[in-house]
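Working notes, beginning with the structure itself.
The values are calculated or read from the model by the stated rules, or taken from the named source; none is laboratory data. On a predicted model such as this, the values are computed, not experimentally measured, just so you know. Cβ atoms come from the backbone with ideal geometry, glycine included; neighbour counts cover every protein chain shown. All accessible areas refer to the heavy atoms of the entire protein, side chains included, with ligands and DNA or RNA removed. Shrake-Rupley method; radii C 1.70, N 1.55, O 1.52, S 1.80 Å.
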Amino acid sequence: EGELRALDASIKKNTALAKKLRALSEDNTAALIDECGKTNQAKYVTEVVTAIAEATLKPSDVPAAVRLCSFLHQRYADFAEALGPALTRSFTTVGKPAGTAEEERAFSRRR
């Protein structure tokens, strides 16, 4: 915990990091892990979890996402607790229409 206090916990840095996490891929994982190592996301764990859960991953990006989640889980005790429900919400809403007639027509055309 003392180590985290020395890291940058500014809202500006953490908001930028959350935005980058939404574009998570195999190519940028090392840079994201490095940036996560330089910032303190203790106050922003839910934002980080939401960004990861909302990331559009290709199958080849999954191992990179696991490495990043492992890093964050080792650093923040409440990360894993927040990740499970966020991923569940993410997976249960994939492919479901949002409710408007236009969206439902678009969804039925994709099937």
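Can you confirm whether Arg75 is among the basic types (Lys, Arg) and open to solvent by less than 60 Å² (accessible area, probe 1.4 Å)? Yes.
Residues of the stretch 26-48 that are out of contact with any strand residue (DSSP E or B) (no Cβ under 6 Å at 6 or more places or on another chain), open to solvent by less than 20 Å² (accessible area, probe 1.4 Å) and among the hydroxyl-bearing types (Ser, Thr, Tyr): Thr29 alone. Set side by side, the residues Ala18, Ala23, Ala64, Ala51 differ, and just one is open to solvent by less than 30 Å² (accessible area, probe 1.4 Å), farther than 26 Å from Arg5 by Cα and at pLDDT 90 or above, which is Ala64. Residue pairs whose Cβ atoms lie under 6 Å apart, sitting 6 or more positions apart in sequence or on different chains, and linking a residue in the stretch 35-53 that is of a type in the set (Ser, Thr, Tyr) to a partner that is surrounded by fewer than 20 Cβ atoms within 10 Å (Cβ to Cβ) and not in a helix (DSSP H, G or I), are Thr39/Leu7; Thr39/Asp8.
For the stretch 47-56, taking the residues that are among the β-branched types (Val, Ile, Thr) and part of a helix (DSSP H, G or I), the one that is farthest from Arg89 (Cα to Cα) is identified as Val48.
Leu4 falls short on exactly one of the conditions (1) part of a helix (DSSP H, G or I); (2) over 12 Å from the mean Cα position of the chain (by Cα); (3) modelled with pLDDT of 90 or more, and that condition is (3).
The number of residues in the stretch 57-85 that are free of Cβ contacts under 8 Å to residues at least 40 places away in the same chain and either assigned to a helix (DSSP H, G or I) or touching a Lys or Arg at 6+ places or on another chain (Cβ under 8 Å) (or both) comes to 20.
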